[in-house]
Amino acid sequence: MNTKVVIFGLSTEGYDLACKIALNGGDVQIIDESTPSAITIKPDIAKTYPNVQALKDDEPLLSMIPIDIAVSKAQFLFFAPKIRKTGHDIKTELNSKFKTATSNIKKGSSVVYCLGTGFGGNSENISLLEHVTGYKSGKTISYFYYPLTKQPNKPIIGSHDGKTDEKLISLLALEKKTKCVAITTSEHLHAINILKRFSNITCILEICKFTKDEKTKSELVSNEISEIYLDDMIDNLFDLRSLGNSFEGGTSLTYLINGSLKGVDGYIKKLIDEIRLVLKKNELKASRTKILLLWSLDTYEMKGEKHEKLQELESKLKDYIGDVESIQDPLNIFQNDKKVIIVACSQSDYDSISKNKNDDEFIVIKANPLCEVYT
């Protein structure tokens, strides 16, 4: 009999998990939080639709069952919801969704938490899980921590007492030698990965603030520095913030975390300053200029960090230039009597706009550490 799996959250990460498990022999349902039903993902669906958008666009006839019934029969429940709240509201939203997801699980089942937490975050989740279900973690129910990121790091799986679950390893199609570690250890390993990534990016962003002369800029462009875009800088910001919320007081670790958070905020300010400088150099009036923020965001990704930063950038730019708009597709650029400045927020966005650019039609700014300008 196939292992029964439920994924809570029709997110990109949740759907990818569902497809992987379906192709690996699991009996999978995925819960779309906007509907009262769990959708069955069979191997043919996984092979036909590479992502959530493709599935939504085609609207195939899918087998559905009530959410409470799907969860009550699940042997594994993966928690991979879409989070769109910001600030202190994030924790409230997460707790609410976690209660909803786990309220009908059965004795002997396993819960797999797929969002990154800070230190002690999983202890809070386990306490909430035990309160909602009445089951004891590690005895009548199992809890696993499996933080999902887009980075090519070694998979991290935390479990009660570090016990490895071979069935879970098999479902996830991980290497057989993959082992679980204790929950605390998994939190520390994930924190190391997150901090290594952001420390590296922060160093680049801060040093590039001092890059003023064109010769230095041109020589730096030939390095990988120019390939880091705003889209890359924001990846896993949710996890970094969660880690930051774990600590109080001024320790070396909090300085590292806060420095990385300030590095991202500082880059947003630098990008806005560079856009204003482009207006000045080209003698463009703000009233005669239109800013297009080209950022092909994934509507279904779990974390809303990029959506949040896009809104922030758009809002701050409007303090200087009234006509600011975010777009997903360079083909949606309509000509008018204003000079258009396009800010490409990812490598793929820049590649798409460079293919459609005509001479002098508009100015393109790469949202990379050097804020390269192409006219």
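The values are calculated or read from the model by the stated rules, or taken from the named source; none is laboratory data. These numbers were taken from a predicted model, which means no experiment stands behind them. Note: ideal-geometry Cβ built from the backbone for every residue, glycine included; neighbour counts use all protein chains shown.
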Looking only at region 47-73, and only at residues there that are over 18 Å from F8 (Cβ atoms) and of a type in the set (A, V, I, L, M, F, W, C), the one that is modelled with the highest pLDDT: A54
One residue is enough: does region 276-287 have a residue meeting the conditions closer than 22 Å to K209 by Cβ, in contact with a helix residue (DSSP H, G or I) (Cβ under 9 Å, 6 or more places away or on another chain) and outside any loop (DSSP other than H, G, I, E, B)? yes
Reported set for region 178-201 where residues are hydroxyl-bearing (S, T, Y) and in contact with a Phe, Trp or Tyr (Cβ under 9 Å, 6 or more places away or on another chain) is T184, S186
Of the conditions (1) more than 23 Å from K107 (Cβ to Cβ); (2) buried (at least 23 other Cβ atoms within 10 Å of the Cβ); (3) not small (G, A, S), V28 fails just one. Which one is it? (1)
Scanning region 248-261 residue by residue, those in contact (Cβ under 8 Å) with a residue 12 or more places away in the chain and surrounded by fewer than 15 Cβ atoms within 10 Å (Cβ to Cβ) turn out to be N258
Specify the residue that is surrounded by the fewest Cβ atoms within 10 Å (Cβ to Cβ); the eligible residues are those in region 91-105 that are assigned to a helix (DSSP H, G or I) and either among the aliphatic types (A, V, I, L, M) or outside the structural domain of D27 (by TED's automatic domain parsing) (or both). L94
Sort out which residues of region 95-129 are among the small types (G, A, S) and at negative phi, and write them in order of number. S96, A101, S103, S109, S110, G116, G118, G121, S123, S127
Please enumerate the residues belonging to region 262-313 that are acidic (D, E) and more than 29 Å from the chain's Cα centre (by Cα). E283
At pLDDT 95 or above and surrounded by 14 or more Cβ atoms within 10 Å (Cβ to Cβ): is that true of L271 in this structure? yes
Answer residue from region 279-296, given it is of a type in the set (A, V, I, L, M, F, W, C) and crowded, with 18+ Cβ neighbours inside 10 Å and is farthest from K196 (Cα to Cα) among those: L279
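Just to confirm my filter: which strands (runs of 3 or more DSSP E) fall fully inside region 295-375 and include at least 3 residues that are among the acidic types (D, E) and touching a Pro at 6+ places or on another chain (Cβ under 7 Å)?
Values: elements: 324-327, 339-344, 363-366.
Counting at least 3 such residues, we get no strands (runs of 3 or more DSSP E) at all.
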Is there any pair linking a residue in region 134-153 that is within 16 Å of T185 (Cα to Cα) to one that is in a loop (DSSP other than H, G, I, E, B) and among the β-branched types (V, I, T), with Cβ under 8 Å and at least six apart or on different chains, and which? F144/I157; Y145/T117; Y145/I156; Y145/I157; Y146/I156; Y146/I157; P147/T117; P147/I156
Extreme residue, surrounded by the fewest Cβ atoms within 10 Å (Cβ to Cβ), among residues of region 53-75 that are over 22 Å from T100 (Cα atoms) and hydrophobic (A, V, I, L, M, F, W, C): L61
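Kindly check whether there is at least one residue in region 237-252 that is within 21 Å of A344 (Cα to Cα), among the small types (G, A, S) and in the same structural domain as S326 (by TED's automatic domain parsing).
Within region 237-252, none of the residues are within 21 Å of A344 (Cα to Cα), among the small types (G, A, S) and in the same structural domain as S326 (by TED's automatic domain parsing).
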Just checking, how many residues over region 201-226 are surrounded by 13 or more Cβ atoms within 10 Å (Cβ to Cβ) and outside any loop (DSSP other than H, G, I, E, B)? 13
Counting only residues that are among the hydrophobic types (A, V, I, L, M, F, W, C), in a helix (DSSP H, G or I) and crowded, with 19+ Cβ neighbours inside 10 Å, how many does region 159-200 have? 6
Can you pull out the residues in region 229-250 that are in a loop (DSSP other than H, G, I, E, B) and over 14 Å from E301 (Cα atoms)? Y229, N245, S246, F247, E248, G249, G250
